[in-house]
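Notes for the one structure printed next.
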Amino acid sequence: MSESFDIQEYMTQGVERVVSEALKATLKDPRESAFMLKFAAASKAASKKRKKAEEAGEHIPPFLIASITSKCNLHCAGCYSRCNHATVDAEPVAQLTSEEWLRIFEEADELGISFILLAGGEPMLRRDIIEAAAKKPNILFPIFTNGTYMDGRYFELFDKSRNLLPIMSIEGEKAITDARRGDGIYDRLIANMDELHRRGLIFGASVTVTTENIREVSSNAFLQKLSARGCKAVIFVEFVPVTEESRELAPGDEEREYLRGEIARLRNEHPEMVYISFPGDEKSSGGCVAAGRGFFHINSHGGAEPCPFSPYSDVNVRNTSLREAMHSPLFTALRSGNILIDDHDGGCVLYEKRELVEKLLAGSQK
């Protein structure tokens, strides 16, 4: 990576592109367009806060990932969260309360964080926290959900609070979605999409990209079906293997190059939807943006982690501020060293170099 690479400028441009594309995608919907115009102004103000902090020597990431529960009702094949024991079946104890999460959201707003991705487990099990998020209109909250708990009350909440954006997980067409997520899940997702569309509510889709579905999920046929149902954003998440047995599902250099080309084509030919790839091409974008470079992760118990794929923590936001958590010894060591920009096989560098991350964690706790 060049020493002249400016992470703040890179992330700011990324935020501005997402907001600009979201505006284009909602032009035909007056209510959504009106909200996006307000959010664009709020996002610009947040960017100024981050720039001011950068000039004072402090880097504030524009994104935060919040896993608001560790409970989930599905057992998706190859789920990294279950393999890491971050997701369970039983009702977990000692998770952050809605009041604690609201405090986090308020501090994030003050710092200039524009996007907080709500994840889990299954985040819609925590309606109280999603209702708390609705109180912070300056922040856009994409909610990454399996869609099985979406009901009339949620539809009404989404209509009232346009900063809540459901992002439903789908793996492609019916056969491959049900094979990974369970029988009947595809039909429930389609029913949710149709109801959201009927109510004039926008939503997005999250696709875990594997070597098995990459051609299908990037095809015009699949994406046009989503668009016709009102989908306005597609987030492609590269499959990260957490067992040796699942490594063959992880996209390699050839597949990632293909996906990059397809996303570039889609952005040009189909601007009615926003297309985002995660983690994307780290090698050409200054390296991994976890550990506070572009985002970091807070688990359901308050542990601040570099990334959901790298569940290591040396600080808990229950005991400290969000700002202090961003400067934890582990995050500082990761950002100051070369691990985030090192060469690697692709995909998730922190997972690939997890033994080194564990050593840094041990050192931070001495």
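The values are calculated or read from the model by the stated rules, or taken from the named source; none is laboratory data. Since the model is a prediction, treat every value here as computed from it, not as a measurement. When we count neighbours, we look across all protein chains shown, and the Cβ atoms used for this are built from the backbone with ideal geometry, even at glycine. The accessibility values were calculated without ligands, DNA or RNA, using every heavy atom of the protein model including side chains. Shrake-Rupley method; radii C 1.70, N 1.55, O 1.52, S 1.80 Å.
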Open item on the list: 5 Å is the cut-off here: which amide hydrogens, built 1.01 Å from N in the peptide plane, fall below it relative to L165, excluding neighbours closer than 5 in sequence?
Closed with: F141, I143
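222 nm [θ] for the chain, helices only, -39500 (n - 2.57) per DSSP H run of 4+, per residue, to 500? Don't jump to the answer; show the numbers that get you there.
Numbers: 15 runs with 159 residues, N = 366.
Rounded to the nearest 500, it is -13000 deg cm²/dmol.
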Task: J(HN,Hα) series, segment 142-151, from Karplus relation 6.51 cos²θ - 1.76 cosθ + 1.60, nearest Hz, glycine and proline x - done: x, 10, 7, 10, 7, x, 7, 10, 6, 9
Task: Accessible area, probe 1.4 Å, largest first, for residues T145, T208 - done: T208, T145
Task: Eligible lysines near K52 by straight Cα distance, threshold 26 Å, same-chain separation 8 or greater - done: K38, K44, K135, K136
Task: Euclidean distance between Cα centres, segment 176-221 to segment 61-111, Å - done: 22
- [ ] Sticking with the crude label model, points 7 Å out along Cα→Cβ, report the distance from R265 to N338 in nm, one decimal please.
- [x] 3.7
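Let a ≥ b ≥ c be the square roots of the eigenvalues of the Cα gyration tensor of segment 287-332; is it rounded (a/c under 1.5), or, if not, prolate (a/b larger than b/c) or oblate? Each step should come with its number before you reach the end.
Numbers: a/c = 1.92, a/b = 1.34, b/c = 1.43.
Since a/c reaches 1.5 but b/c is at least a/b, the shape of segment 287-332 is classed as oblate.
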TODO: Tell me which residues come under 5 Å, amide H to amide H, from E171 once H is placed; ignore anything under 5 positions away on its chain.
DONE: T177
Task: HN-Hα J in Hz across segment 86-95 - Karplus 6.51, -1.76, 1.60, θ = phi - 60°, x for Gly and Pro - done: 8, 10, 9, 8, 6, 5, x, 9, 6, 7
Open item on the list: Using only the heavy atoms of the protein chains and a 1.4 Å probe, how would T69, T320 rank by accessible area, largest first?
Closed with: T320, T69
Open item on the list: Taking θ = phi - 60°, what integer Hz values does the Karplus form 6.51 cos²θ - 1.76 cosθ + 1.60 yield along segment 309-318, in sequence order, with x for Gly and Pro?
Closed with: 7, 10, x, 10, 9, 10, 8, 10, 5, 5
Open item on the list: For a quick check: with amide H placed at 1.01 Å from N, whose amide H comes under 5 Å from V234's, ignoring anything fewer than 5 positions away on the same chain?
Closed with: A205, V274, Y275, I276
Open item on the list: Relative contact order for segment 34-150: what percent, with Cα pairs under 8 Å and sequence separation of 6 or more?
Closed with: 34
TODO: Determine which aspartates and glutamates satisfy two conditions relative to K49: a Cα distance under 16 Å, and not lying fewer than 8 residues away in the same chain.
DONE: E9, E16, E58, E106, E107, D109, E110
Task: Qualifying lysines (Cα of each under 16 Å from Cα of K225; at least 8 residues distant if same chain) - done: K174
